[in-house]
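Accompanying notes for the structure given below.
The values are calculated or read from the model by the stated rules, or taken from the named source; none is laboratory data. Keep in mind that what you see is a predicted model, and the values were worked out from it rather than measured. Methodologically, a virtual Cβ is constructed for each residue, glycine included, from the backbone with ideal geometry; neighbour enumeration extends over all protein chains shown. Note: accessible area is taken over every heavy atom of the protein model, side chains too, but ligands, DNA and RNA are not part of it. Shrake-Rupley method; radii C 1.70, N 1.55, O 1.52, S 1.80 Å.
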Amino acid sequence: MKDLETYLQELSLFCVQGCYDRTFHHIVEKTTPFQPGEEAYLKNRIQAWFYSRNDLKSFDFYLFNHALRLRRTRSGTRTLPFSLQELSASAPYRQCLHSRSFHAILPAEEEPDVLFHYCHFLLQIKTKQPIALADLAISTAYWDTLRSNHSNPGEFIALTDEYGNLLYSGNEELLGFSSRQILEEISALPSGAPLRCTLGGRPWLVTCAEGDTFHLKLLAFLPVSYIDEQIAQLRYSVLVVGLLISLFVLLLITLLIRLLTRPLTILANKLTDVGKGDFTSTMDSGGSLEISNLSRSFNDMTLHIDRLIKENYIVKLREKTARITALEAQLNPHFLYNTLQAIATEALVNEQIQIYNMITSLASGLRYTIKGGDCVPLRREMEYTGNYVLLQKMRMDDRLRVTFDIAENTQDLIIPKISIQLLVENSILHGLGPNRDSISIRVQSRLSDRCLHITVTDDGCGIDSDRLSAIRATFNARGNDSENTHIGLSSLHGRLLLLYHGQARMEIDTVPESHTKITLIIPATKEAPHV
């Protein structure tokens with residue numbers, strides 16, 4: 001139907017092409033008699049247009065202002081007068097006048113090899129009034145091509161206009177020009193909807209396709225008997241194919257069952273042996289791919305179970321040994337702590353106060369490290385850091401200066417254990433360079449945006465750019481580099497990630513030969529984080 005609509009649009013453009021020829025259009029719309037050569041010009045243009053198509057039987061052009069009809073056929077061009085009053089009462093004129101597109105499609109009236117007539121007004125451009133009528137007699141050449149697509153036995157097609165008038169019938173004996181009732185029923189159908197009707201005492205199935213522009217309906221009539229024959233043949237074919245497939249599937253299932261039964265029986269017997277405790281039983285991996293995989297899995301399972309049973313005894317022995325080792329590991333630090341306390345008491349009795357303070361600080365630090373837990377209040381961490389600084393000052397004297405600026409509202413907040421002491425130790429170890437014999441360290445804490453900021457600043461030799469890049473690379477890798485001289489910073493950074501799940505961070509600000517500032521930013525909370 002889409003091709004037919006396109007074809008009709010081409011005919012519409014063909015009829016109005018005189019509007020684009022200024023000379024032709026001027027001659028048609030003038031009301032005065034023809035000047036010499038004007039009528040010949042019209043005939044030449046109509047002849048050229050006529051031969052530009054091979055699907056026209058005749059081309060009639062009615063000039064209203066001159067009451068003149070130019071008729072072109074294959075035999076030549078004739079000039080005929082006509083009555084405008086009679087033309088106004090004709091069907092082509094009336095239908096073109098009432099059409100929005102000023103065209104009409106009319107059935108052929110017993111004209112041989114004519115499919116239908118296509119008529120179209122030629123308008124005066126300013127007034128939009130019709131000044132001419134083009135009447136094309138369309139041959140059946142185009143229709144023969146369309147009809148070849150409907151070559152099923154007994155099938156034929158028909159064409160009706162938008163008013164339900166029959167334009168063409170492929171079987172005039174069954175569907176002649178008098179079959180008005182059937183055409184009205186078919187015309188009422190929506191496009192694509194099937195209809196069952198009776199023609200010549202036989203049932204037919206009719207399908208309809210309607211064009212969007214010209215509203216022609218293309219009807220295809222197919223005998224119901226042909227459809228029944230096709231369905232019967234299809235039913236028979238499906239039955240035969242289904243029977244063959246069923247026989248093939250039954251045979252295939254029988255063969256598969258026979259192939260699978262014997263290996264599965266052997267496997268069931270082997271499983272019985274395993275259930276009785278014989279884990280050395282194995283099975284040959286023969287047969288199909290699935291049986292081979294199953295056999296290998298069975299052999300791997302029995303060997304693995306046998307190995308696990310043997311290893312279970314070794315694990316129990318190692319577990320007992322580990323418990324003894326753990327107990328010794330718990331006793332040794334306590335023994336060392338008690339020994340240090342005894343030495344401190346002896347130093348105090350002998351009035352060695354400095355030695356007493358050193359040993360007491362060392363014992364307190366040892367006790368702090370062996371106690372469980374990954375997090376402690378800031379107050380306890382500062383006590384441990386203070387003891388560490390005291391021991392370092394005993395060694396370095398005035399070369400080490402450490403000041404603490406701890407906000408009171410941060411004392412009870414939870415921080416990672418041995419974190420501040422590690423930063424102070426890092427400043428002492430790496431802050432003193434070849435050109436420096438003393439160092440000042442400042443430890444600060446403050447609250448900001450629900451986060452605890454702990455800053456350790458030193459006036460040491462700083463960190464050069466290459467070593468700083470290496471340290472930050474270990475932070476991004478979330479691992480420790482055994483060759484890194486700042487392994488403590490990498491370890492502390494990893495602990496922050498583990499404890500706070502990415503909500504804590506470490507910032508390093510350093511200027512070589514000037515200072516180093518390391519800041520820990522962790523969530524401010526009085527509860528230990530959940531790992």
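Structural remarks
- When segment 437-466 is filtered for residues that are out of contact with any helix residue (DSSP H, G or I) (no Cβ under 9 Å at 6 or more places or on another chain), charged (D, E, K, R) and farther than 12 Å from His515 by Cα, the ones remaining, listed by number, are Asp449, Arg450, Asp466.
- Of the set (1) modelled with pLDDT of 90 or more; (2) farther than 29 Å from Ala407 by Cα, all apply to His453 but (2).
- Answer residue from segment 368-393, given it is among the β-branched types (Val, Ile, Thr) and part of a helix (DSSP H, G or I) and is farthest from the chain's Cα centre (by Cα) among those: Val389
- Scanning segment 492-511 for residues that are loosely packed, with under 15 Cβ neighbours inside 10 Å, more than 15 Å from Leu413 (Cβ to Cβ) and of a type outside the set (A, V, I, L, M, F, W, C) yields a total of 4.
- Selection of first residues in segment 367-394 that are over 17 Å from Glu425 (Cβ atoms) and open to solvent by less than 70 Å² (accessible area, probe 1.4 Å) and of second residues that are of a type in the set (Val, Ile, Thr) and assigned to a helix (DSSP H, G or I), restricted to Cβ pairs under 9 Å at least 6 apart or on distinct chains, gives the following pairs, ordered by first then second residue: Leu378/Thr410; Leu378/Ile420.
- Some residue of segment 52-65 being farther than 15 Å from Asp135 by Cα, touching a residue at least 12 places away in the same chain (Cβ under 8 Å) and buried (at least 17 other Cβ atoms within 10 Å of the Cβ): no
- Yes/no for Arg78 being over 19 Å from Tyr118 (Cβ atoms), open to solvent by 40 Å² or more (accessible area, probe 1.4 Å), touching a strand residue (DSSP E or B) at 6+ places or on another chain (Cβ under 6 Å) and of a type in the set (D, E, K, R): yes
- Subset of segment 459-491 that is part of a loop (DSSP other than H, G, I, E, B) and among the polar types (S, T, N, Q) - its residue that is modelled with the lowest pLDDT: Ser482
- Selection status of Ser169, of a type outside the set (A, V, I, L, M, F, W, C), at pLDDT below 80 and either surrounded by 20 or more Cβ atoms within 10 Å (Cβ to Cβ) or within 30 Å of Glu29 (Cα to Cα) (or both): yes
- Given (1) among the β-branched types (Val, Ile, Thr); (2) surrounded by fewer than 20 Cβ atoms within 10 Å (Cβ to Cβ); (3) closer than 18 Å to Arg495 by Cβ, number of the condition Ile415 does not satisfy: (2)
- Output for segment 30-51, where each listed residue is of a type in the set (Lys, Arg) and open to solvent by 50 Å² or more (accessible area, probe 1.4 Å): Lys43, Arg45
- Residue check for His103: within 23 Å of Phe214 (Cα to Cα) and crowded, with 16+ Cβ neighbours inside 10 Å: yes
- Cβ-Cβ contacts under 8 Å between residues 6 or more apart (or on different chains), taken from a first residue in segment 270-292 that is on the phi > 0 side of the Ramachandran plot and at pLDDT below 70 to a second residue that is surrounded by 14 or more Cβ atoms within 10 Å (Cβ to Cβ) and polar (S, T, N, Q), are listed as Gly287/Ser295.
- Scanning segment 115-124 for residues that are more than 55 Å from the chain's Cα centre (by Cα) and open to solvent by 20 Å² or more (accessible area, probe 1.4 Å) returns Leu123, Gln124.
- If you go through segment 410-425 and keep only what is more than 16 Å from Leu390 (Cα to Cα) and either assigned to a helix (DSSP H, G or I) or touching a residue at least 60 places away in the same chain (Cβ under 8 Å) (or both), you end up with Thr410, Asp412, Leu413, Ile414, Ile415, Pro416, Ser419.
- Screening Ile439 against (1) closer than 15 Å to Phe404 by Cα; (2) free of Cβ contacts under 8 Å to residues at least 40 places away in the same chain leaves a single unmet condition, (2).
- Listed here are the strands (runs of 3 or more DSSP E) enclosed by segment 191-295 that have at least 1 residues being open to solvent by 50 Å² or more (accessible area, probe 1.4 Å) and not aromatic (Phe, Trp, Tyr): 194-199, 202-210.
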